[in-house]
Amino acid sequence: MSKPIEDTVMKNIMELFRGDAVKFFGINKRVVSSARTEFTHIPILKKIDDWLWELEDGSYLHIEFQSGYHIKDLPRFMISDAILHYQTGKPVKTIVVYSADIENVVTALDADAIKYKVDAFYMSALDGDKTYADIKAKVDAGESLTKQDLMSIVFLPMMKNSVDKTTRFEQVILLSKEITAKDEQAQIQAMLQLLAEKFVADQEILRRLKEMISVGIIAEWIKDDATRDLAKNALREGLAIEVILKITGLDEPTILELKSELEPA
């Protein structure tokens with residue numbers, strides 16, 4: 001996936017995490033901003049498997065996604081967290097999310113003067129079969145999905161399932177196409193593609209999964225997102241609404257909505 005698309009997906013993941021969606025990982029604090037682009041010069045904090053959020057209390061939440069386990073993982077995480085703390089002086093909490101085939105890993109490092117620990121989040125503790133059945137029932141009934149539901153769809157292939165990971169990826173991609181809200185559908189499919197690129201090693205299977213994803217919907221979503229960003233920048237520069245209407249093609253109610261988003265609360 002190209003850098004512009006990944007950046008757009010990551011920005012929208014931020015929106016998905018707002019409110020109570022972060023409770024998926026057992027965090028009872030509100031996410032207020034993404035720090036990923038701000039700290040891209042920090043080693044390791046550069047990829048889809050590194051999510052960095054600022055919480056309402058000023059601390060940072062660092063989430064790592066791991067499809068395997070290596071003894072050098074903890075020192076690697078520690079280095080990035082230490083640099084982040086050194087630069088900001090703020091607490092850093094790291095959660096390592098392990099796919100369902102990984103359990104009971106070492107979560108603490110004791111190097112005498114250096115002590116470091118992370119929290120492990122085992123996807124094996126989540127029942128993928130029940131989660132899939134529950135969300136599919138809601139989609140089939142035309143019910144609205146919560147942010148937690150959307151998070152669950154994305155992470156279903158990593159949960160404990162009676163079917164293999166590839167089959168579950170295929171099922172959730174098809175399920176995502178039944179979501180009536182086009183923005184949510186595109187967002188979920190883009191996130192599924194990013195995670196598939198990390199967790200699916202077989203390139204032929206990965207190619208097949210990508211072919212199942214509605215590239216057109218994702219492209220339209222990204223184009224719309226870029227257009228809205230252009231309108232916001234124009235509003236910040238003080239351009240007249242009439243001018244912004246012409247250069248973006250957006251309608252006036254949308255521009256007024258974006259204008260209100262920029263105004264102080």
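Computed from the coordinates by the stated procedures, all read-outs in this text should not be read as laboratory data. Given the structure is predicted, the values throughout are model-derived calculations rather than measurements. Ideal geometry is used to build each Cβ from the backbone, glycine not excepted, and the neighbour counts take in all protein chains shown.
Miscellaneous remarks
- Structure note, pairs Lys136/Lys210; Lys90/Lys147; Lys72/Lys117: Cα-Cα distances above 23 angstrom occur for Lys90/Lys147.
- With R₀ fixed at 22 Å, the C-beta to C-beta distance from Asp202 to Lys72 puts the FRET efficiency at about 0.30.
- Using the Cβ-Cβ distance between Lys130 and Lys23 with R0 set to 25 Å, the FRET efficiency from 1/(1 + (r/R0)^6) comes to roughly 0.85.
- Per-residue extension of 0.36 nm, minus the Cα-Cα distance of Ala137 and Lys115, leaves a gain of 3.3 nm for this segment.
- Rel. contact order, % - alpha carbon contacts under 8 angstrom, at least six apart, segment 128-213: 27
- Estimated inter-spin distance, Gln148 and Asp251, nm [label 7 Å along Cα→Cβ]: 3.5
- Residues Arg208, Arg228, Arg236 arranged by fewest to most Cβ contacts within 10 Å: Arg236, Arg208, Arg228
- Couplings 3J(HN,Hα) for segment 156-173, derived from phi with the Karplus relation 6.51 cos²θ - 1.76 cosθ + 1.60 (θ = phi - 60°), are 3, x, 8, 7, 7, 10, 7, 9, 6, 4, 5, 4, 5, 4, 4, 5, 6, 5 Hz, where x marks Gly and Pro.
- Spin-label model distance (nm) - Asp57 vs Gln87, 7 Å beyond Cα toward Cβ: 2.3
- Mean Cβ count within 10 Å, highest first, over the residues of peptides 102-110, 179-187: 179-187, 102-110
- Placed amide H near Thr94: partners under 5 Å, 5+ positions off or other chain: His62, Asp119
- Translational diffusion coefficient (Stokes-Einstein; Kirkwood radius from C-alpha pairs) of segment 61-114 at 4 °C, 1.567 mPa s, in µm²/s: 106
- Modelled FRET efficiency - R0 35 Å, Ala226 with Thr166, Cβ distances, 0.05 increments: 0.60
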